[in-house]
1. Within segment 190-227, count every residue that is of a type outside the set (D, E, K, R) and within 19 Å of N775 (Cα to Cα).
2. Which of the residues spanning segment 316-344 are more than 12 Å from S261 (Cα to Cα), buried (at least 19 other Cβ atoms within 10 Å of the Cβ) and not hydroxyl-bearing (S, T, Y)?
3. One residue is enough: does segment 800-809 have a residue meeting the conditions exposed (fewer than 13 other Cβ atoms within 10 Å of the Cβ) and of a type in the set (S, T, N, Q)?
4. When the residues of segment 254-271 are filtered to those that are modelled with pLDDT of 90 or more and not in a strand (DSSP E or B), which remaining residue is farthest from A508 (Cα to Cα)?
5. From V169, V181, V149, which residue is more than 24 Å from A250 (Cβ to Cβ) and either buried (at least 18 other Cβ atoms within 10 Å of the Cβ) or touching a Cys at 6+ places or on another chain (Cβ under 8 Å) (or both)?
6. Confirm whether S67 is at pLDDT below 95 and either exposed (fewer than 13 other Cβ atoms within 10 Å of the Cβ) or within 23 Å of E207 (Cα to Cα) (or both).
7. Considering G127, G138, which residue is assigned by TED's automatic domain parsing to the domain that holds Q101, over 27 Å from the mean Cα position of the chain (by Cα), surrounded by fewer than 16 Cβ atoms within 10 Å (Cβ to Cβ) and farther than 28 Å from K75 by Cβ?
8. Give all pairs with beta carbons closer than 9 Å in which a residue from segment 753-777 that is among the acidic types (D, E) meets a residue that is in a strand (DSSP E or B); count only pairs at least 6 apart in sequence or on separate chains.
Amino acid sequence: MKGQFKKLLFILVLGAAIQTAVFPASAADSSSQKSGTVSSAASSALTTASATEQQTASTTIKSDTNSDFSVEQGKEYTFRFEVVGPQGLTPTFTISGSAFQKSGQTQAVENGHDVYYYKIKAVGNAGDTADIYTQLPGQTAVKRCTVTVKETSVPATIKSDTNSDFSIVQGKEYTFRFEVVGPQSITPTFTISGSAFRKSGQTQTVENGHDVYYYKIKAVGSAGQASAVYTQLPGQTAVKRCTVTVKGTASIKSDTNSDFSVEQGKEYTFRFEVVGPQGLTPTFTISGSAFQKSGQTQTVENGHDVYYYKIKAVGNAGDTADIYTQLPGQTAVKRCAVTVQGAASIKSDTNSDFSVAQGKEYTFRFEVVGPQGLTPTFTISGSAFQKSGQTQRVENGHDVYYYKIKAVGSAGQTSAVYTQLPGQTAVKRCTVTVQGAASIKSDTNSDFSVAQGKEYTFRFEVVGPQGLTPTFTILGSAFQKSGQTQTVENGHDVYYYKIKAVGSAGQASAVYTQLPGQTAVKRCAVTVKETSVPATIKSDTNSDFSIAQGKEYTFRFEVVGPQGLTPTFTISGSAFRKSGQTQRVENGHDVYYYKIKAVGNAGDTADIYTQLPGQTAVKRCAVTVQGAASIKSDTNSDFSVEQGKEYTFRFEVVGPQGLTPTFTISGSAFQKSGQTQRVENGHDVYYYKIKAVGSAGQTSAVYTQLPGQTAVKRCTVTVQGAASIKSDTNSDFSVAQGKEYTFRFEVVGPQGLTPTFTILGSAFQKSGQTQTVENGHDVYYYKIKAVGSAGQASAVYTQLPGQTAVKRCAVTVKETSVPATIKSDTNSDFSIAQGKEYTFRFEVVGPQGLTPTFTISGSAFRKSGQTQRVENGHDVYYYKIKAVGNAGDTADIYTQLPGQSAVKSCTAVVKITTTTPMKGIDVSEHNGYVDWDTAKAAGLQFAMIRCGYGGDIESQDDAQFERNVSECERLGIPWGTYLYSYALTTDNAKSELAHVLRLLEGKHPQFPVFIDMEDADDYKAKRGMPDSETLTEIMKIFCSGVKDAGYLAGYYVNLDWYKNYINPEELSDYLFWYARPGLDEPDKTCSIWQSEFPGTGGSWDGANISSGGCDMDVSYVDFTTWKQDNT
């Protein structure tokens, strides 16, 4: 019996996972009442799949360029060809035709492979092409690509993948991609303003024939701090790409936070936006069986991961389910409760309390979900509101009723709104309050539609005290919020909310705003419309802006579609008037120019609309009458400039054109070295360049001043001293022959100064180089390799541009005295299913040509394959074995190098090939009088029966244990048992062991005997939860005693206990019963899996508890057969 336990322990491999299951129990508890919280995380397979046999590939060339591309006339391009195979095979490089000529060639060894770099130059005419071929000795030539000569006509520009403002969680990184569209080798300058972010990495590649630069930044500032990101090409002006803000920890933004109902058989889609770093997948959980998940998609919107989960109502009318989401490492959050809807019901677009301004109207929408012809009664309590209108229509096959009410009472008066279907009880929908005091002025109060994928911006002006932030709500999933900004205009807080049409054509969402302490106000209903109208208007002005009093501005509207469609041009209010209009045809399209003039007071605004015949009016922007001019500066924080270097300020005059600011630098540390002026977005922009001419540490203050205004200090600039190198290696040392060493050189000074690294002599050669940014400094890692004879030495120097070379140290080659070793990928014992194979990988670390001996003890396994290759300059041997013995047979695996002792790598065990899992239940006295005949007829294959709980006291025996065992033996149902543990000490464990052995006397369970470790009633927690060592020792005392008595022994825990309370690695001699309900498969290897609780859907005819349901289990081992075969 002891031998068969040793074999079984190798069969059951323990893993790790992340969820808690809590089992309620008390002095009279049983596993039939076990319940808990589970996630729907994916589970892992129970058996280890055999490794895929490795195959040796023939010598090939790995090219970095396999797609056609073009090179500018007179420019060069370098190919990289890596020979994957033995060294010394030089490829032939061929260029067809005369459009290109070879202009250079170098060869290096990288990662043990020969690498060839071939440079070509475009010498032909624009449009000429050449084919590129490579050919290894004895092989056929391979065409790599076609290269075309292109004209040098377009000035270089930068194409950025990031042009909108966004945020990054503190401590996280983000990578920008900048593609230089133009000739190669034009390196852009990358600048981050302020201290909220720092550059943390930089790489450069060539993609599609263009230089592409990747700059990585890290959020190091406080939450809310922001930095502007700029790029600049040589000889060009710096371009601001975006503003990045530091944000706090991740959270989930849900579009559905209120309880609602779904009609039987219908579906509903939730939208969950993860506000935080990307890659955090939320767990989505539905309680009960009323609803099931019917779909899931994931997108990235506005830089955030967004998850759409679809559910379907599959239960009975009135059944409910709770919806939970959970981010990794956080607590689950309940979002809402969903109810299955049956019979006729009313779906209201207004279910929350809100307010209506005095004299204003509001329209309710009530959709009757059910048979047509059921007219609801609409009731308003009190006199604060009166019904002012009613219409009825059929939408999507349902009767829809629109009831309009008007606020006729005094501010603060309220009315309750009720609906009632014939034969049903009246349902209160909401309370409506007559609104006074603060209010919201909306630019959009009528229903409208937005084309699929398009956006729309609302403007809400809070008329009242500042600081009252309105809540903006979109009901349903047809639209999602895609942006938000806040400004102060005319002394009022103004909020701009942008929405995007993401639903299907015809879907609609209601839009609400709500001020603190007030009720929500419905603004309008927005409908998704198909993007099917051929004609559209392309406007040159789509952002809000301002115009100085008395000044004019011209809009350009291009009608993309058939000619002859004249758009209507509308200006709201009286702040602006139309002062001119012209029409012409450009590129086959009608183009309309409308001129407006600012005639209102400073701060007055107007909305600009265009409308094509038969289409909805489109708001283009809001225009504000501008008062006094001001300057917007790109540089408002103190900074430093290296001696002799320059820096350019950008000052945008916000106001009428022609106001030239005065630019002043205090002191003599800096002098003005350049000035340019241009018009950008209708504003005068001035660029002032300064040069650091003073001594290190000297400072200057920078001021700007508009005519008739006071000078404004922008920042203080400091002269920065010369750069230096901080080396991690300043003493002489030695490196063994063939070995490598890496130097670290940190450039203390401005970024972008690349040091020259020199090795004198031939004893060492440079074998690698990388560059990173650490703590805001450029850091260079140079790797050298000892290639000379023992005793040879080389001096190592570094040199910064414009400085003298500095000797760092002398390095000497020393003899290789360390013996060869074997690096194995398998050093732990493991198991293989009968008939399956496994492949070992052994890397010989040392000189090549040392073949290891591979030995398998015994006959349980045999060698079934062997291959050898060279990887990273080392001999690597792959040995394949096959499990040919009986379940439980073992073999030791040894390797041995010539002249060395054999080394044991691991022990392999033949594992049982699991048959069809067996279905079972676990029961106690709380299941009452189990009808075992009915249970067996329902397909029961085994049972786990509680024998009792706690120490060896007869009153703590399970009242149904004897009967349950007798019935199982009468019907031939294999059974095992378990005891619920209350042990706090090892003495308690011995008493619990005596308890179970007393009850098993004279009985012969075919399934194991388990100790049930949990604390559902907080017995252990209230008395001082033992540490993991004590709890593990309690389990070992119990299991070893059960095993010594001749029974199969094991332990029962849930995921929380497995991870946080015990040491599973010390329990490998015993079986594992894993409590993890609600999954499709267990996420840990176990012999028995508790798959369901009553609360998660567990049920078994004849064995359900009084309140319904039963614990259900799955056994992956037929212990009756296993025991007979292995005793």
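1. Selection size over segment 190-227: 22.
2. I323, L327, R335
3. Yes, that holds for at least one residue.
4. Within segment 254-271, the match that is farthest from A508 (Cα to Cα) is N257.
5. V149
6. For S67, the condition - at pLDDT below 95 and either exposed (fewer than 13 other Cβ atoms within 10 Å of the Cβ) or within 23 Å of E207 (Cα to Cα) (or both) - is met.
7. None of the others qualify; the one that does is G138.
8. These pairs meet every condition: E774/S200; E774/E746.
The values are calculated or read from the model by the stated rules, or taken from the named source; none is laboratory data. None of the values given here were measured: they were computed from a predicted structure. Neighbour counts run over all protein chains shown; Cβ positions are idealised from the backbone, glycine included.
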